[in-house]
1. How many residues are closer than 16 Å to Leu34 by Cα, of a type outside the set (Gly, Ala, Ser) and at pLDDT below 95 when one looks only at the range 70-88?
2. Go through Leu7, Leu29 for me and flag whichever is within 23 Å of Asp109 (Cα to Cα), open to solvent by 20 Å² or more (accessible area, probe 1.4 Å) and either touching a Pro at 6+ places or on another chain (Cβ under 9 Å) or hydroxyl-bearing (Ser, Thr, Tyr) (or both).
3. Determine, yes or no, whether Ala23 is farther than 21 Å from Asp109 by Cα and buried (at least 21 other Cβ atoms within 10 Å of the Cβ).
Amino acid sequence: MRTAHTLQEIDLVYRRDARRVFATLVRLLGDFDLAEESLHEAFRAALEQWPEHGVPGNPSAWLVSTGRFKAIDTIRRHARFTSTETLAEPVEAIADETLPTDASAELEDDSLRLIFT
């Protein structure tokens, strides 16, 4: 069954890559709580999309990208209740970040940075 197999793959990706994805999100977002929330939102999106569309070729990069977009959505949602001037720059900086073609090396570096944080 494709769904059960996909759920096993998601579980494997979570166990193998969640800490590295989290470290990258911390670097991109500059906020531990927002990074954790975004990580969980990205995995929720994976649970919804991957069984139907299949696991992407680079699931870690997909999770980082999805987590970053979830964070942008969260920041914009909070901006409606606070001064938008203070949040405009961080949202633009997060939106402009791009992952390098070798995202796995970048994820490893971010894990090391998080250890020393």
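The values are calculated or read from the model by the stated rules, or taken from the named source; none is laboratory data. Everything quoted here is computed from the prediction, not taken from an experiment. As a convention, Cβ positions derive from the backbone with ideal geometry for all residues, glycine included, and neighbour counts pool all protein chains shown. Please note that ligands, DNA and RNA were not included when accessible areas were found on the heavy atoms of the full protein model with its side chains. Shrake-Rupley method; radii C 1.70, N 1.55, O 1.52, S 1.80 Å.
1. Total satisfying the criteria: 8.
2. Numbers: Leu7 fails: within 23 Å of Asp109 (Cα to Cα).
Testing whether each residue is within 23 Å of Asp109 (Cα to Cα), open to solvent by 20 Å² or more (accessible area, probe 1.4 Å) and either touching a Pro at 6+ places or on another chain (Cβ under 9 Å) or hydroxyl-bearing (Ser, Thr, Tyr) (or both) leaves just Leu29.
3. No: the conditions fail for Ala23.
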